[in-house]
Amino acid sequence: MGNMKTPGVYIVEKNAFPNSVVEVATAVPAFVGYTEKAENKGNSLTNRPWRITSMAEFHQYYGFGPTSDIVRFSLKKVEGDVPAPAADKALATRDGTPLTVRGTGYLLAQVRGFYLLYYSMLHFFQNGGGPCYIVSVGSYKTDEGVHIEADKLAKGIAELAKEQEPTMVVVPETVLLGKSDSDSVQQAALLHCGTVMRNRMAILDIWEGYRERTSEPDCVAGFRDSIGINSLDFGTAYYPWVNTTIVQEQDLSYANIDDDSRDVLIQCIKDELTGMGVPPAKLAQQSAEVDKIKTVTDISEVNLLAKSLTTISPFFNSIMGEMRKRLNVLPPGPAMAGIYTMVDNARGVWKAPANVSLNSVVSPTVPISAEQQEDLNVTPQGKSINAIRAFIGEGTLVWGARTLDGNSLDWRYVNVRRTMIMLEESIRLASKAMVFEPNVANTWVTMKSMIANFLTSIWKRGGLAGAVPEDAFSVHVGLGETMTPEDILEGILRVTVLVAITRPAEFIEITFQQQMQKS
């Protein structure tokens with residue numbers, strides 16, 4: 001207070017409490033991929049992280065999903081039965097591997113529009129997603145085939161270094177790249193999370209994770225071999241992919257059949273109508289309706305014609321159903337980002353995001369038994385893969401909560417790593433107020449009480465283990481305790497915080513034993 005020179009009453013206010021630590025957000029994923037557009041009132045958002053809170057905002061800034069001029073399927077007729085290898089395929093891949101339709105001698109394969117970000121965003125929000133960041137690396141409106149580039153995705157990941165808020169990184173379209181390119185992008189995501197930022201986790205998807213492990217090559221083994229050993233505690237992965245209900249019937253029509261295949265579609269429908277014994281007059285009328293497939297292009301008229309074809313042709317329904325089935329096979333990473341958000345909001349970041357059902361999911365693409373999960377969960381290399389399993393009467397559940405660093409007792413579990421990230425970031429941001437303060441006992445006491453109060457609140461909410469706060473954490477700061485006189489002369493203030501983070505009961509053992517009869 002200044003010098004008192006005038007007689008009167010002077011009021012002096014003093015702070016009675018230390019600065020508080022504000023808990024940072026824990027579930028803010030960042031998605032990197034291709035969108036229809038990327039602009040905000042004429043300003044480009046390409047390669048610029050942009051925060052949104054709903055699917056409506058995504059539509060506003062990034063447009064809608066791949067439409068009929070982007071997503072295209074080829075339809076071919078083959079003589080005789082469909083070859084066994086083609087019939088065994090789970091879905092059409094980016095190299096045009098065919099997906100069979102009813103096994104009746106017709107092959108359906110996706111040939112264009114291999115983009116996943118839009119569908120992934122729908123899946124994210126349907127599983128409890130909230131605020132997130134989008135990094136659009138390009139537009140799929142220029143698509144003339146498969147133009148997803150690893151360099152662009154890696155650059156989009158690097159742009160996230162400009163934002164402090166994201167706590168997860170998800171790049172769903174890495175699974176559409178070639179194996180080596182997919183590996184390089186996923187390694188870039190791990191490097192970004194574990195080395196560059198150290199305040200976020202990468203949720204990775206298994207390349208060709210829709211396949212069974214018995215097929216060659218083993219997709220899980222390939223992922224483990226190529227992911228490396230760096231920053232594994234900042235990454236997690238899930239297997240297998242899931243069959244979803246994201247793409248609805250009204251989202252597809254005959255316009256999604258490639259131009260070169262529409263003659264085949266028309267002929268197939270006409271052959272079907274002829275074989276159904278339709279009266280000649282009605283057959284002529286229906287055939288004329290089918291011929292409109294080549295001439296009707298207006299979107300409203302296309303939808304009306306598609307509804308008409310649905311009522312007269314089971315084969316057309318089958319084609320639409322198989323197209324929808326193909327597009328609804330999605331990697332689980334975006335849905336898991338939504339699960340993380342939902343669990344964090346309901347229970348806290350310290351609750352393991354497992355034993356939770358997935359919304360808009362029909363089933364995993366590959367059924368997994370308890371014995372088959374053993375090699376996923378525990379391996380000599382420690383690269384644990386979390387299983388997504390279907391249980392009778394319960395639906396599809398997330399049945400694992402491990403990071404890729406499964407052999408580490410410190411960072412084995414996803415919730416432990418994410419809780420530590422939250423604690424570190426919250427305390428780091430609050431401690432900025434102490435920078436350039438005198439490095440004396442008053443400052444040390446202030447910092448100690450500030451951190452202790454914050455950790456006490458986390459312990460009360462169940463985030464730290466211990467019957468009393470003293471068992472849950474301890475804060476150490478002071479000369480002779482954490483600092484030497486030389487540290488003080490060099491302007492260094494050292495604080496040591498010990499915390500006991502809760503770990504999930506991953507294995508519950510209940511022992512039964514017979515006892516002697518007492519009466």
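A short reminder: the numbers here are calculations on the coordinates, not readings from a lab. None of the values given here were measured: they were computed from a predicted structure. Don't worry about glycine lacking a Cβ; one is built from the backbone with ideal geometry, like all the others, and counts go over all protein chains shown.
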Taking the Cα centre of the chain as origin, sum charge times position over the Cβ atoms of Lys and Arg (+1) and Asp and Glu (-1), and report the length of that vector in debye to the nearest 20.
1100
Which ³J(HN,Hα) values, rounded to whole Hz and listed in residue order, are derived for the stretch 403-411 from phi using the Karplus coefficients 6.51, -1.76 and 1.60 in 6.51 cos²θ - 1.76 cosθ + 1.60 with θ = phi - 60°, glycine and proline given as x?
7, 6, 9, x, 8, 8, 5, 6, 10
Distance between the stretch 461-497 and the stretch 12-47 - C-alpha centres, whole angstrom
29
Compute the signed sum of charges (Lys and Arg +1, Asp and Glu -1) over the other residues within less than 15 Å, Cβ to Cβ, of V21.
+2
Rounded to the nearest 20 Debye, what is the dipole magnitude of the stretch 438-519 about its Cα centre when Lys and Arg each give +1 and Asp and Glu each give -1 at the C-beta?
460
Contour minus end-to-end for E249 and L409, with contour as 0.36 nm per residue of separation and end-to-end as the Cα-Cα distance?
52.9 nm
Per-selection Kirkwood Rh - the chain (Cα, Å, 1 d.p.)
26.2
Local charge sum around D405 (other residues, Cβ-Cβ under 10 Å, Lys/Arg +1, Asp/Glu -1)?
+2
Cut-off is 10 Å between beta-carbons; in what order do H192, H147 appear when sorted fewest neighbours first?
H147, H192
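Treating only the Cβ atoms of Lys and Arg (+1) and Asp and Glu (-1) as charged, compute the dipole magnitude of the stretch 183-251 about its Cα centre; round to the nearest 20 debye.
In total the dipole reaches around 400 debye.
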Which value in nm describes the separation of the simple spin-label points at D271 and S139, placed 7 Å from the Cα toward the beta carbon?
4.1
FRET efficiency estimate (nearest 0.05) - Cβ-Cβ, V264 to A370, R0 60 angstrom:
0.85
Using DSSP to call loops (not H, G, I, E or B), can you name the trypsin sites (Lys or Arg not before Pro) in the stretch 111-202 whose Cβ has at most 12 other Cβ atoms within 10 angstrom?
none
Quick one: helix 117-126 against the long Cα principal axis of the chain, what's the angle to the nearest 10°, folded into 0 to 90?
60
Across the stretch 458-472, in residue order, what do the Karplus-derived ³J(HN,Hα) couplings come to in whole Hz, using 6.51 cos²θ - 1.76 cosθ + 1.60 with θ = phi - 60° and x for Gly and Pro?
5, 4, 4, 8, x, x, 10, 8, x, 6, 9, x, 5, 7, 8
Spelling out what I want: for every residue of the stretch 67-77, take phi, set θ = phi - 60°, compute 6.51 cos²θ - 1.76 cosθ + 1.60 (Karplus), and round to whole Hz; glycine and proline get x.
9, 5, 7, 10, 7, 9, 10, 9, 10, 10, 9
Taking a straight Cα-to-Cα line shorter than 15 Å from K282, and setting aside same-chain aspartates and glutamates fewer than 8 residues away, one finds D271, E272, D291
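How far, in nm, would the chain grow between T46 and Q60 when pulled straight, counting 0.36 nm per residue and subtracting the alpha carbon separation? All intermediate terms of the calculation are to be shown ahead of the outcome.
On the way: separation 14, 0.36 × 14 = 5.04 nm, distance 1.43 nm.
In short, 3.6 nm is gained.
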Can you tell me the 0 to 90 degree angle between the C-alpha axis of helix 150-159 and the longest principal axis of the chain, rounded to 10?
30
Options S20, Q110, A387, ranked by Cα towards positive dipole end of the chain, top entry (Cβ charges):
S20
Dividing the helical contributions, -39500 (n - 2.57) per DSSP H run of n ≥ 4, by the residues of the chain yields a 222 nm value, nearest 500 deg cm²/dmol, of -10500 deg cm²/dmol
Taking the dipole of the stretch 438-519 about the Cα centre (Lys, Arg +1; Asp, Glu -1; charges at Cβ), the one of M450, L493, Q515 that reaches farthest to the positive side is Q515
With the label point 7 Å along the Cα-to-beta-carbon line of N355 and a cut-off under 13 Å to each amide N, the hits in the stretch 394-410 are 398-401
Inter-part gap, Cα centre of the stretch 407-442 to Cα centre of the stretch 166-225, in whole angstrom, is 28
Can you pick out the pairs among K162/K432; K155/K179; K77/K179; K14/K460; K141/K307 whose Cα atoms lie more than 24 Å from each other?
K77/K179; K14/K460; K141/K307
Please compute the modelled spin-label separation between I488 and F391, points set 7 Å along Cα→Cβ, answer in nm with one decimal.
5.7
Can you compute log10 of I(q)/I(0) for the stretch 438-519 with the Debye formula, treating each Cα as one identical point scatterer, at q = 0.24 Å⁻¹?
-1.08
For the chain, with +1 on Lys and Arg beta carbons and -1 on Asp and Glu, the positive-most of F125, F315, T195 along the dipole
F125
Of the listed pairs K76/K292; K76/K325; K152/K325, those with alpha carbons more than 26 Å apart are K152/K325
